[in-house]
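These notes are about the structure you will find just below.
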Amino acid sequence: MRVGHGFDVHRFTPDRPLILGGVTVPHDQGLLAHSDGDVLIHALCDALLGAAGLGDIGRHFPDSSAEFAGIDSRVLLRRVVALLEERQFGIANADLTIVAQAPRLAAHIEAMKGNLAADMELPVERVGVKATTTEGLGFTGRHEGIAAYAVVLLLDE
Ligand code: MG
């Protein structure tokens with residue numbers, strides 16, 4: 001078994017959709033990024049790559065590359081899953097936390113879990129997605145951006 005951890009942050013910016021776990025969440029701001037800014041999927045990709053000893057998302061999908069400009073992060077996740085499959089790694093489970101003061105995310109969690117489970121080819125009960133605020137503290141508390149943490153367990157098949 002191999003454990004992996006991922007962390008990512010993106011800052012809010014006006015005039016972009018807010019996409020988390022492949023779900024477009026209604027909000028007055030989105031996340032600034034070279035890709036679609038899906039901070040949750042980026043943390044998940046880093047956890048998967050880290051567990052497999054394959055570096056990080058920036059190494060595989062550099063933000064200097066036009067190929068990845070505005071890309072749907074679910075495409076990146078599916079590419080990461082394919083890299084793991086090539087190396088005979090299975091995914092046991094993934095547990096993710098979104099840190100955001102706003103918007104409220106409870107209504108969107110199930111849809112996020114469904115997207116991530118589909119992309120990882122896992123039953124949905126093996127994917128955990130939680131959301132928390134920081135009680136107004138720090139950069140997330142000041143509505144400056146969103147952070148995400150991911151922990152995964154891989155099975156060396
Ligand atoms: Mg990122």
Applied in sequence order to region 131-147, the curve 6.51 cos²θ - 1.76 cosθ + 1.60 (Karplus, θ = phi - 60°) yields integer Hz couplings, x standing for Gly and Pro, of 10, 9, 9, 10, 6, x, 8, x, 5, 6, x, 8, 6, 8, x, 10, 10
Counting only DSSP beta bridges with both partners in region 61-148, the antiparallel fraction in percent, to the nearest 5, comes to 25 percent
The percentage of the accessible area of the chain (probe 1.4 Å, all protein chains present) made up of carbon and sulfur atoms, to the nearest whole number, is 51 percent
Region 2-156: Kirkwood hydrodynamic radius (Cα pairs, Å) comes out at 15.3 Å
Per the helix-only model, the chain has a calculated mean residue ellipticity at 222 nm (DSSP H runs of ≥4, -39500 (n - 2.57) each, divided over all residues, rounded to the nearest 500) of -8500 deg cm²/dmol
Among 31, 117, 153, the residue whose Cα sits farthest towards the positive end of the charge dipole of the chain (+1 at Cβ of Lys and Arg, -1 at Cβ of Asp and Glu, taken about the Cα centre) is 31
Applied in sequence order to region 2-8, the curve 6.51 cos²θ - 1.76 cosθ + 1.60 (Karplus, θ = phi - 60°) yields integer Hz couplings, x standing for Gly and Pro, of 9, 9, x, 10, x, 9, 8
To the nearest 20 debye, the chain has a Cα-centred charge dipole, built from +1 on Lys and Arg Cβ and -1 on Asp and Glu Cβ, of 220 debye
In a Gaussian network model of the chain with springs linking alpha carbons closer than 10 Å, the residue among 100, 117, 66 that fluctuates most is 66
With the 1.4 Å probe rolled over protein heavy atoms, region 2-156 has an accessible area per residue in Å² of 46 Å²
Diffing region 17-27: the Karplus 3J(HN,Hα) column from phi (6.51, -1.76, 1.60, θ = phi - 60°), in whole Hz with x for Gly and Pro, holds x, 8, 10, 10, x, x, 9, 7, 9, x, 6
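The values are calculated or read from the model by the stated rules, or taken from the named source; none is laboratory data. These numbers come from a predicted model, not from an experiment. No Cβ is skipped: glycine too gets one built from the backbone with ideal geometry, and neighbour counts run over all protein chains shown. Remember, those area values only see protein heavy atoms, side chains included, never the ligands or the DNA or RNA. Shrake-Rupley method; radii C 1.70, N 1.55, O 1.52, S 1.80 Å.
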